[in-house]
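Undergrad: This is the structure, below, for whatever I ask next.
Every number in this text was worked out from the coordinates using simple rules, so none of it is lab data. Please read all numbers here as calculations on a predicted model, not as lab measurements. Backbone-built Cβ (ideal geometry, glycine too); neighbour counts: all protein chains shown.
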Amino acid sequence: MRVTIHGTDPFATPEPDRSPVRRFRSRLVAPVTLWTAPGPAGLTVSSMLVADGDPGRVLGLVDDESDLWEALSAAGRFAVCPLLAGEHQLADRFAGLAPAPGGRFRQDRWRETEYGPVPAGDRSWAGCRLDGARPYGWGLLVEGTVVELAVGGGDAHPLGHYRGRYRALDK
């Protein structure tokens, strides 16, 4: 028997069969972030933005059937951490695309915060208070207020998602 490793997701819907909106969205570079909540629970989220202001706000589209939503809504708080180049496996594990023997949080080092675990090290992350959520598209639009902020890892290259693949973004 011969084993083949695919360069793309063999289970993905072929591009011509995807909705025009999904095809358009794939042409925008999206941040790859990890959202976590006490429990712990976590989910890779690319459909999100940060709005500057006093206070700062975070908006993201989250699957309403995810473990993250259950934990986040129960705790009323969550953490958002941008992922870095080389963290493809971490992103896939929390997206449910890669195996997570022993659980999603077992394979990496974590820093515990009151908002949820964040990857250990000199990292940027935001601790947020849940302000609300409402149905939006295929998920929930989650709105949060930034309560605690750490800005670190200034020389690190962020991880982006473009045309169905992860990309390390240059400075």
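Undergrad: Within 10 Å of each residue's Cβ, count the other Cβ atoms and sort GLU148, GLU114 from fewest upward.
TA: Listing GLU148, GLU114 from fewest to most nearby Cβ atoms yields GLU114, GLU148.
Undergrad: Where the convex hull is taken over the Cα atoms of segment 129-171, what is its projected area averaged over directions, in nm²? The partial results should precede the final answer.
TA: On the way: hull surface 19.4 nm².
Computing the convex hull of the Cα atoms and averaging its projections yields 4.8 nm².
Undergrad: If neighbour count is taken as other Cβ atoms inside 10 Å, put THR33, THR13, THR145, THR44 in order from fewest to most. Spell out each step's value before the answer.
TA: On the way: THR33 25, THR13 10, THR145 16, THR44 21.
So the residues, fewest neighbours to most, are THR13, THR145, THR44, THR33.
Undergrad: When Lys and Arg each count +1 and Asp and Glu each count -1, what net charge do the other residues less than 13 Å away from ARG134, Cβ to Cβ, add up to?
TA: The answer is -3.
Undergrad: For the residues CYS81, CYS128, what sequence is obtained by ranking on other C-beta atoms within 10 Å, fewest first?
TA: Details: CYS81 22, CYS128 30.
Fewest-to-most ranking of CYS81, CYS128: CYS81, CYS128.
Undergrad: Based only on the alpha carbon positions, what is the Kirkwood hydrodynamic radius of segment 90-171, in angstrom?
TA: 15.3 Å
Undergrad: Using only the alpha carbon atoms of segment 19-171, find the Kirkwood hydrodynamic radius as the inverse mean reciprocal pair distance, in angstroms to one decimal.
TA: Details: mean 1/r = 0.0640 Å⁻¹.
Taking the inverse mean of 1/r over all distinct Cα pairs, segment 19-171 comes out at 15.6 Å.
Undergrad: Quick one, what does Rg over Rh come out to for segment 5-109 if you take C-alpha atoms and the Kirkwood Rh?
TA: Using only Cα positions, Rg/Rh for segment 5-109 is 0.98.
Undergrad: Short version: ³J(HN,Hα) in whole Hz for each residue of segment 140-152, in order, from phi by Karplus 6.51 cos²θ - 1.76 cosθ + 1.60 (θ = phi - 60°), x for Gly and Pro, what are they?
TA: After applying 6.51 cos²θ - 1.76 cosθ + 1.60, I find 10, 7, 9, 10, x, 9, 6, 9, 9, 9, 10, 10, x Hz.
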